[in-house]
Each structure stands twice: as structure tokens, then as C-alpha cells.
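These notes concern the structure reproduced below.
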Amino acid sequence: MKVKKLVKIAITAAVYTVATLAIAPLSYGAIQFRLSEVMTLLAFIDPVYIIGLVLGCAISNLYSPLGIVDVIVGTSATLISVYMISKTKNLLISTLWPTIMNGLIVGAELFFVLNQPFWLSTVYVALGEFVVVTCIGYPLFKLLLKREDVIKILKYN
């Protein structure tokens, strides 16, 4: 693994983790507003970010009230989301993957672990993801994608 790739992965994981823990009460539970999730759209620019995003999510979920269950389940939702983002050619459509995957998977996690109503949990988690990734992330990344100098820095090659 080249140093440049390793550095991008490490920085991504670190920034995701810090951004999640900085607003920790809002980052966990039924009503989540995890601002770090906007970073999932980096996978749209380059799949090299997938490892860092998944690692950052796993580290962040170590601090979740659900503990190891959230490390496994919540991180799996992020893995699926960022993989699908990397395969989607339309930015707007790609913003919906975290909403769908985290809504359903984390909603199910909250149902099985905390006995919270499945559909209500799903809607709350999905709503938080939609606000962060689609409402905030989409316009932000639309602007970033217009900046060739920024894209050159963000791309691995």
C-alpha cells in the first residue's frame, strides 16, 4: 500500500471519528444527527475513502451506548452505503444510500437491541441521514465537484 493511500485512509478515519465524537450525544441513538456522515460522499469521488470511512465509523461506534453491537451492525450499514455510493454515477442518487441503509439497518438494530418501534426508529435514523447527507452533503459536494483543483487533491491517482 502506498504511503499516499495510507495517509488518505488514516486522515479520513480520524476526521470521521473526531467529527462524530465532537457531537456525541447527537451521533447515537434513535434520533441521530451525525455530521461526519457527509464524508460518506467522498466515496463518490474515489473508492479509496471507503476503508477510512468504515474504519472511522467502527472507531466512533466503540463509543456508542450499544457498544460492540453498533460496531458490527452500524459499521456494516456504513460499509454497504459507501460501497453503493462508489458504484453510483449520479451524486443525488448516491446521497440516498446512507439514508436507506442506515435507516433500515440501524432501525432494525434499535428494534432488536433496545426494543424501540422498528418503523419509527427507521424513519428517525433515515431522516437524520437525509438531512446530513442529502440536504447538506449534496450541495456541498456539487460545489466541490466543480473545483478541479480540489478534486485533484481528493483523488488518489
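Here is how the numbers come out for the structure above:
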{"item": "Sole residue being of a type in the set (S, T, N, Q), without any contact (Cβ under 8 Å) to a residue 40 or more places away in the chain and part of a loop (DSSP other than H, G, I, E, B), chosen from 36, 76, 64", "result": "64"}
{"item": "Some residue of segment 85-103 being under 16 Å from residue 61 (Cβ atoms), touching a helix residue (DSSP H, G or I) at 6+ places or on another chain (Cβ under 9 Å), at pLDDT 95 or above and of a type in the set (S, T, N, Q)", "result": "yes"}
{"item": "So residue 156, is it surrounded by fewer than 15 Cβ atoms within 10 Å (Cβ to Cβ), of a type outside the set (A, V, I, L, M) and under 19 Å from residue 12 (Cβ atoms)", "result": "yes"}
{"item": "Segment 98-123, subset without any contact (Cβ under 8 Å) to a residue 24 or more places away in the chain and not in a helix (DSSP H, G or I), residue farthest from residue 66 (Cα to Cα)", "result": "117"}
{"item": "Qualifying residue in segment 42-61 (condition: assigned to a helix (DSSP H, G or I), more than 30 Å from residue 153 (Cα to Cα) and at pLDDT 95 or above)", "result": "no"}
{"item": "Some residue of segment 18-31 being crowded, with 23+ Cβ neighbours inside 10 Å and at pLDDT 95 or above", "result": "yes"}
{"item": "Given (1) assigned to a helix (DSSP H, G or I); (2) polar (S, T, N, Q); (3) more than 13 Å from residue 39 (Cα to Cα), index of the condition residue 86 fails", "result": "(3)"}
{"item": "Index of the failed condition, residue 22 passing every other in (1) within 30 Å of residue 117 (Cα to Cα); (2) in contact (Cβ under 8 Å) with a residue 12 or more places away in the chain", "result": "(2)"}
{"item": "Segment 1-17, subset of a type in the set (D, E, K, R), part of a helix (DSSP H, G or I) and out of contact with any helix residue (DSSP H, G or I) (no Cβ under 7 Å at 6 or more places or on another chain), residue surrounded by the fewest Cβ atoms within 10 Å (Cβ to Cβ)", "result": "4"}
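Let's see how each residue does on (1) in contact with a His (Cβ under 9 Å, 6 or more places away or on another chain); (2) farther than 13 Å from residue 45 by Cα; (3) loosely packed, with under 15 Cβ neighbours inside 10 Å:
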| residue | (1), (2), (3) |
| --- | --- |
| 74 | no, yes, no |
| 82 | no, no, no |
| 99 | no, yes, no |
| 107 | no, yes, no |
| 119 | no, yes, yes |
| 129 | no, yes, no |
| 134 | no, yes, no |
| 138 | no, no, no |
| 145 | no, no, no |
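The values are calculated or read from the model by the stated rules, or taken from the named source; none is laboratory data. Just so you know, these numbers come straight off a predicted model, no measurement behind them. Positions of Cβ are backbone-derived with ideal geometry, glycine not excepted, and every protein chain shown enters the neighbour counts.
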